[in-house]
Amino acid sequence: MTESRVVAGIDGSPAAETAIRWAAAEAASRGTGLRLVHAFVWPEFPVPLGPSDMAPGLRAAADKIVRESVELARKLEPGIEVAGTREDGFPSPVLIRASQHADVVVIGSRGLGIALGALVGSTGLDLAANAHCPVIVVRPDQPTYTGDHVLIGYDGSSPSSLALDFGLDYASRHGLRVRVVAAQPVHSEQHRATREELDADVRGRPGGLNAEIIHIDGHPAEQLLRLSADARLIVLGSRGRGGFAGMLLGSVSQTVLHHAVCPVAVIPAAAIGG
Ligand SMILES: Nc1ncnc2c1ncn2[C@@H]1O[C@H](COP(=O)(O)OP(=O)(O)O)[C@@H](O)[C@H]1O
Ligand SMILES: [Mg+2]
């Protein structure tokens, strides 16, 4: 049996269905299996929630989500191995644990229990900061496969260097153009790599020869969002060169995660060397 290396978090929401679609296509492209994970939070509540005969019904509902998700993935990609599991725990810790044995984890931008007005749920932000592999946040409200290029945000940091590798690999497997953006924030410290360093770095990597490299002045998140209008995927590091030492998710990645209109891949610091 193929070892499942693409993981998708599922909760029965429309965003989770988008995640299943993205993850199934990615598993097929990578030639790996797909594992669908449903976090079952009910046992985590320490207070008695009423008669315990509720539990079997809730478990059955959770198992139904897993069963139907597996059926959908198999229908979408009959050629891949699909496994589904229900695991006790809150979504973030369950999926962070699953990310230890995954190539990528795919989740929807918002689940069922999201606070009104939030654009990306807490699970997405938590995972982007803490997962052990790249995290893809997909949006239910946007068509997933429009756009013709992969947009990579590069500021010379090691997470952004991993973002570059991830984006180049994704683009070459999916036949997409690559656009690397290095934005120089106005009125701030030199933030990006020099033009020469970046050009040499990108061109020296597999698939980097034909990449379009854009050096631009302006607010990085704003420029990335503007230049991603027709992107298939945006790829960023969880952290960059700036920010505060204790932060796990930088301001550029947070802003782009909230406002992008296409899937966003974030390479967490914990994925480095992991
Ligand atoms: N000036 C920039 N130009 C292009 N991409 C950037 C820039 N700054 C940050 N990014 C992208 O956003 C990611 C997260 O960086 P950021 O949110 O700025 O974190 P930090 O606060 O640690 O600097 C980086 O790994 C990179 O992919
Ligand atoms: Mg920064």
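The values are calculated or read from the model by the stated rules, or taken from the named source; none is laboratory data. What you see is a predicted model, and the numbers here were worked out from it, not measured in a lab. As a convention, Cβ positions derive from the backbone with ideal geometry for all residues, glycine included, and neighbour counts pool all protein chains shown. All accessible areas refer to the heavy atoms of the entire protein, side chains included, with ligands and DNA or RNA removed. Shrake-Rupley method; radii C 1.70, N 1.55, O 1.52, S 1.80 Å.
Could you check, for the stretch 30-42, whether at least one of its residues is out of contact with any helix residue (DSSP H, G or I) (no Cβ under 6 Å at 6 or more places or on another chain), open to solvent by 60 Å² or more (accessible area, probe 1.4 Å), modelled with pLDDT of 90 or more and among the polar types (S, T, N, Q)?
There is no residue in the stretch 30-42 that is out of contact with any helix residue (DSSP H, G or I) (no Cβ under 6 Å at 6 or more places or on another chain), open to solvent by 60 Å² or more (accessible area, probe 1.4 Å), modelled with pLDDT of 90 or more and among the polar types (S, T, N, Q).
If a residue has to be open to solvent by less than 40 Å² (accessible area, probe 1.4 Å) and polar (S, T, N, Q) to count, how many in the stretch 61-97 make the cut?
So the count comes out to 2.
Just to be sure I understand the filter: pairs with C-beta atoms under 6 Å, separated by 6 or more residues or on different chains, first member in the stretch 220-243 and touching a residue at least 24 places away in the same chain (Cβ under 8 Å) and under 22 Å from residue 270 (Cβ atoms), second member near ligand 2 (Cβ under 9 Å from one of its atoms) and acidic (Asp, Glu). Which pairs pass?
Pairs that qualify, where the first residue is touching a residue at least 24 places away in the same chain (Cβ under 8 Å) and under 22 Å from residue 270 (Cβ atoms) and the partner is near ligand 2 (Cβ under 9 Å from one of its atoms) and acidic (Asp, Glu), are 240/155; 241/155.
Using the structure shown, decide if residue 261 is touching a residue at least 12 places away in the same chain (Cβ under 8 Å) and either of a type in the set (Lys, Arg) or more than 25 Å from residue 195 (Cα to Cα) (or both).
Taking the combined requirement at face value, the residue satisfies it.
Would you check if residue 150 is within 10 Å of ligand 1 (Cβ to nearest atom) and assigned to a strand (DSSP E or B)?
no
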